[in-house]
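The values are calculated or read from the model by the stated rules, or taken from the named source; none is laboratory data. Source: prediction; values computed, not measured. Cβ placement follows ideal geometry from the backbone for every residue including glycine, while neighbour counts extend to all protein chains displayed.
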Amino acid sequence: MLVAARDLGQRYSLTLIGDGPDRGALERLVDTLGLRDQVNFAGFRPDGSQLIANHRALVHAAKLENCPLIIAEALAAGRPIFAAPVGGIPEMFYDGVEGRHWNLEDPCGAAKLLAGLLNDPVSYSTAADAARARYEAAFAGLRERWVGYLAPSLALKAAT
């Protein structure tokens, strides 16, 4: 998608959070595509969600995902989301409202969607505001609810 964006005259940076067995291959691919100065491999970061505020959008490229918490964290930060409509993702944010659903097999189409939103200040602001509103309506208090739900079992486990 970054290459397709470059071909459209757009230049974006990408921060990848996490480590895993594919990192070496991804780094070689980035070098082969001439994108080293646009891609930051941040590695494992326990505070990875804190980096969202330093970016204009969240791009999510999973082909199979149920309920990625990073999407809720991006909504909380008021960042538009670009993700494939797989698993539970279409229920987390709405295409054309808080972000865009994109086809992972169509990097040119993805680049056009990204550029279209990021280059239109009114559309971007509308999506960012909608993202924050979606978080408040659907996800605010989720952490507290889970802690409240788990607290009795944690206390029981600690007592045994």
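The conditions are (1) more than 22 Å from Ala128 (Cα to Cα); (2) modelled with pLDDT of 95 or more, and Pro21 fails exactly one of them. Which is it?
(2)
Quick check: is even one residue across the range 104-114 farther than 24 Å from Leu8 by Cα, basic (Lys, Arg) and modelled with pLDDT of 95 or more?
Scanning the range 104-114 turns up no residue that is farther than 24 Å from Leu8 by Cα, basic (Lys, Arg) and modelled with pLDDT of 95 or more.
When you look at Gly87, is it over 18 Å from Gly18 (Cβ atoms), surrounded by 19 or more Cβ atoms within 10 Å (Cβ to Cβ), at pLDDT 90 or above and out of contact with any strand residue (DSSP E or B) (no Cβ under 8 Å at 6 or more places or on another chain), yes or no?
No, not satisfied.
Please note which strands (runs of 3 or more DSSP E) are completely contained in the range 26-138 and include at least 1 residues that are free of Cβ contacts under 8 Å to residues at least 24 places away in the same chain.
Qualifying strands (runs of 3 or more DSSP E): 99-101.
Restricted to the range 16-51, and to residues that are of a type in the set (Val, Ile, Thr) and surrounded by 15 or more Cβ atoms within 10 Å (Cβ to Cβ), which residue is nearest to the chain's Cα centre (by Cα)?
Selected residue: Ile17.
Say whether the condition of being over 15 Å from the mean Cα position of the chain (by Cα) and modelled with pLDDT under 95 is met by at least one residue in the range 126-137.
Checked against the condition, which is being over 15 Å from the mean Cα position of the chain (by Cα) and modelled with pLDDT under 95, the range 126-137 yields at least one hit.
Do we find that Arg6 is assigned to a loop (DSSP other than H, G, I, E, B) and modelled with pLDDT of 95 or more in this structure?
Criteria not met by Arg6.
Among (1) of a type in the set (Gly, Ala, Ser); (2) surrounded by fewer than 19 Cβ atoms within 10 Å (Cβ to Cβ); (3) within 21 Å of Gly141 (Cβ to Cβ), which single condition is Gly78 missing?
In the conditions (1) of a type in the set (Gly, Ala, Ser); (2) surrounded by fewer than 19 Cβ atoms within 10 Å (Cβ to Cβ); (3) within 21 Å of Gly141 (Cβ to Cβ), Gly78 misses (2) alone.
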